[in-house]
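The values are calculated or read from the model by the stated rules, or taken from the named source; none is laboratory data. The structure displayed is predicted, hence computed values, not measured ones. All Cβ positions, glycine included, derive from the backbone under ideal geometry; neighbour counts span all protein chains shown. Remember, those area values only see protein heavy atoms, side chains included, never the ligands or the DNA or RNA. Shrake-Rupley method; radii C 1.70, N 1.55, O 1.52, S 1.80 Å.
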Amino acid sequence: MSNAFIFFIVLWCIVFISLLAIGGFFMFRKFLKRMPKDNGMSELDWQEYYIHKALPLWNDEARSLLNELVSPVPDLFRDVAKEKIGGRISKIALEEHATTIELDHIMRGYIVATPKRDHKFMKKKLTELNIDYTPYLNLFELADDEKNKFSIFDHREEISEAKTTHTQ
């Protein structure tokens, strides 16, 4: 066999194993999110529960704003990001017994559900849309963090507190 063919086979094996490892990593992460927690429901179960329960609260304006906020996310991951952020926004609105989803709910849910590594892009998008995020600066510390993993449905008191300080 020629050296070029052997080099091609070795290169193909490296690429193939790398792609399998990357795909396996994302599949395993999804599997972990589907694992039930202490209360018997997984992170994704809670997300679906809050989205379906709050569906009547979402008006066209709130939906279009959410679609606009997740537009910088690559198409491949946009639906996942939208569901994660929508679940958090829905939980906040349901806990406050809101009649509709307002900008305040969207801002608090969007900030907390967005990973810290994406805050730079999030702030840029909010600035493009002329949305003032300075009243919510304390929520950036509660945002989803890969290093300090927690459920996006945590921090109930801090997020409610942010609403009261913002509206006053």
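In terms of the mean number of neighbouring beta-carbon atoms within 10 Å, the peptides 86-98, 33-45, 2-14, 51-63 order highest first as 86-98, 51-63, 33-45, 2-14.
Pull out a ≥ b ≥ c, the square roots of the eigenvalues of the alpha-carbon gyration tensor of segment 3-87, then state rounded if a/c is under 1.5, prolate if not and a/b is larger than b/c, and oblate in the remaining case. Because a/c hits 1.5 or more and a/b fails to exceed b/c, segment 3-87 counts as oblate.
When the C-alpha to C-alpha distance is required to be over 19 Å, the pairs from Lys30/Lys84; Lys30/Lys91; Lys91/Lys120; Lys33/Lys82 that qualify are Lys30/Lys91; Lys91/Lys120. With both labels modelled 7 Å from their Cα along Cα-to-Cβ, the Asp79 to Phe7 distance reads 4.2 nm. For segment 31-85, a simple Cβ point-charge model (Lys and Arg +1, Asp and Glu -1, everything else neutral) yields a dipole of about 160 debye relative to the Cα centre. How would you classify segment 29-74 from its alpha-carbon gyration tensor, with a ≥ b ≥ c the square roots of the eigenvalues: rounded for a/c under 1.5, else prolate if a/b is greater than b/c, otherwise oblate? Since a/c reaches 1.5 but b/c is at least a/b, the shape of segment 29-74 is classed as oblate.
Using a/c under 1.5 as the rounded threshold, could you call segment 25-146 rounded, prolate or oblate? The axes a ≥ b ≥ c are square roots of the C-alpha gyration tensor eigenvalues, and prolate needs a/b larger than b/c, oblate otherwise. Oblate is the answer for segment 25-146, as a/c is 1.5 or above yet b/c matches or exceeds a/b.
A 1.4 Å probe run over the protein chains yields, for segment 21-133, 59 Å² of accessible area per residue, whole-number rounding.
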